[in-house]
Structures are given as structure tokens and as C-alpha cells.
Amino acid sequence: GESVGLHLPTLSVQEGDNSIINCAYSNSASDYFIWYKQESGKGPQFIIDIRSNMDKRQGQRVTVLLNKTVKHLSLQIAATQPGDSAVYFCAGTSGSRLTFGEGTQLTVNP
Amino acid sequence: NAGVTQTPKFRILKIGQSMTLQCTQDMNHNYMYWYRQDPGMGLKLIYYSVGAGITDKGEVPNGYNVSRSTTEDFPLRLELAAPSQTSVYFCASTLGAWGYEQYFGPGTRLTVT
């Protein structure tokens with residue numbers, strides 16, 4: 001199976017700073033990872049994904065890095081804004097299922 | 001497209017009661033999933049389906065049942081509700097098993113007292 005965990009339960013940053021959220025996974029056979037954002041009272045929302053044949057993928061203000069050697073991935077958010085405040089989850093594949101980590105609460109201070 | 005819709009949004013059950021959480025998607029997705037999310041925690045997979053007529057257990061299936069008679073609908077049944085089933089329930093769907101994002105519904109907040 002897959003175990004996915006996050007290094008920090010909370011992260012507080014100043015508006016305009018860059019944010020880095022980390023995630024570790026246990027199953028070396030995992031080959032697809034997704035980052036989700038969950039705002040209070042809502043369902044998770046897709047941010048960005050990465051496949052195991054890549055080590056970096058960029059979106060709009062977000063970058064995901066994958067290090068298969070140490071089974072670690074990170075989500076970088078550039079110029080963090082108040083609207084980025086949410087819980088961020090990483091998820092990894094285990095067969096046809098995704099296994100979610102516990103989440104990191106990102107708080108953006110004005 | 002409405003995406004993934006769930007009903008009801010909120011529900012309070014007494015111990016021992018039963019209910020069905022409804023989930024519908026209009027994206028013609030083959031794969032559908034039910035998760036539960038306890039306060040401050042990640043999502044745990046309850047059941048999933050890879051197509052109409054096919055369902056399989058996830059991490060935490062005990063106390064739940066599902067059916068998938070159509071591509072669009074994936075109801076979750078709670079029999080004999082227990083306080084441990086107090087949670088927020090999310091339904092999700094995706095086009096394929098790998099390399100496709102999951103689209104989530106808005107959730108159903110269930111309290112069992």
C-alpha cells in the first residue's frame with residue numbers, strides 16, 4: 001500500500017513570500033502524485049500533478065518537485081496571496097487508488 | 001457541466017438509523033470514489049468503482065455499502081449508524097485510473113448522535 005505524510009501540520013507565511021509544503025511517501029512503486037487545495041467547508045480542488053518520469057512541473061505560481069531517490073515531493077507557491085490560505089494535501093497512487101496525506105494548513109499573513 | 005454533486009449537504013442521524021448519501025457526476029467518468037474526512041485529518045477511501053456494476057473496498061469500508069448501477073450515480077449506504085461515522089463525506093470521480101485528476105463534490109457533513 002501507500003503511506004503519504006506531510007512534514008508540518010501548519011505553515012505560516014507573509015503575503016508575497018514563497019511557500020514550500022513538503023510531503024513524503026513510502027511506496028517506491030507510486031508513479032503519480034497530485035497536490036490538492038482544500039478551503040474551509042469545501043471539497044479538495046486539484047492544483048497540480050506530476051508523473052514519476054518527471055522531477056519538476058510548473059503551473060501558474062505553483063511548482064511541484066519530485067525526488068524519487070528519497071521519496072519526497074514538495075509544492076512551491078510563489079508570491080503567496082491571502083487566497084492561498086487553505087489546507088494542502090498531497091496524494092499518491094496505489095494501484096487505481098489515491099492515498100492522501102494528513103494535510104498542511106497554510107496561513108498567509110497580510 | 002455541474003461536475004460532481006452530493007446530497008444532502010448536512011444530516012444528523014441517531015445511532016442505529018440508516019441513510020443513503022447520493023453522488024452524481026455528469027462528466028461520463030468511469031471511476032468514482034467515496035472518502036471520509038475526520039476533523040483535521042486527510043481523506044480515507046471507503047469504496048470505489050471502476051465502472052457501472054463494479055465496486056471495490058477501500059481502506060475503511062466497514063459499516064458502509066455502495067452500488068453502481070449507472071455511470072452517473074454512486075450512492076453510499078450507511079446501515080446502523082454509529083458515532084464513529086460522524087465525518088464529512090466526499091464523493092469524487094475521474095476519467096481513468098492513472099494520470100487523471102479526481103474531481104470532488106462539495107461534501108456531506110454527517111453527525112451521528
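Read-outs throughout are calculated quantities, based only on the coordinates presented, and are distinct from any laboratory measurement. Every value quoted in this text rests on a predicted model; they were computed, and no experiment measured them. Don't worry about glycine lacking a Cβ; one is built from the backbone with ideal geometry, like all the others, and counts go over all protein chains shown.
Each DSSP beta bridge with both residues in the protein assembly as shown is either parallel or antiparallel, and the antiparallel ones are about 90%.
In a reduced charge model with +1 at each Lys and Arg Cβ and -1 at each Asp and Glu Cβ, chain A shows a dipole moment near 260 debye about its Cα centre.
Sort A:67-75, A:35-43 by packing, meaning the average of other beta carbons within 10 Å per residue, with the highest value first. Don't skip to the end; give the middle numbers.
Numbers: A:67-75: 15.3, A:35-43: 17.9.
Sorting A:67-75, A:35-43 by mean packing, highest first, produces A:35-43, A:67-75.
Only the Cβ atoms of Lys and Arg (+1) and of Asp and Glu (-1) were treated as charged; on that basis the dipole of region B:4-112 about its Cα centre amounts to roughly 380 debye.
What is the sum of charges, Lys and Arg at +1 and Asp and Glu at -1, for the other residues whose Cβ falls under 15 Å from the Cβ of A:GLY103?
Numbers: positive: A:LYS37, A:LYS42, B:ARG36, B:LYS44; negative: A:GLU39, A:ASP84, A:GLU102, B:ASP38.
Net of charged neighbours comes to 0.
Where Rh denotes the Kirkwood radius from the mean inverse Cα pair distance, what is Rg over Rh for region B:39-113? Using Cα coordinates only, the ratio equals 0.95. A straight Cα-to-Cα reach below 23 Å connects B:LYS57 with the lysines B:LYS44, residues fewer than 8 places away in its own chain not being considered.
The mean count of C-beta atoms from other chains within 10 Å of the C-beta of residues in A:93-103, rounded to a whole number, is 5. Binning the C-alpha pair distances of region A:4-109 at 5 Å intervals from 0 yields a P(r) profile of 3, 14, 25, 26, 19, 9, 4, 1 %, listed from the shortest bin outward.
Counted by Cβ distance under 11 Å from B:GLY63, the other residues give a net charge of +1, where Lys and Arg count +1 and Asp and Glu count -1. Inter-chain neighbour count for B:96-108: the average number of beta-carbon atoms from partner chains within 10 Å of each residue's beta-carbon is 5. Per residue of B:63-74, other chain Cβ atoms within 10 Å of the residue Cβ number 0 on average.
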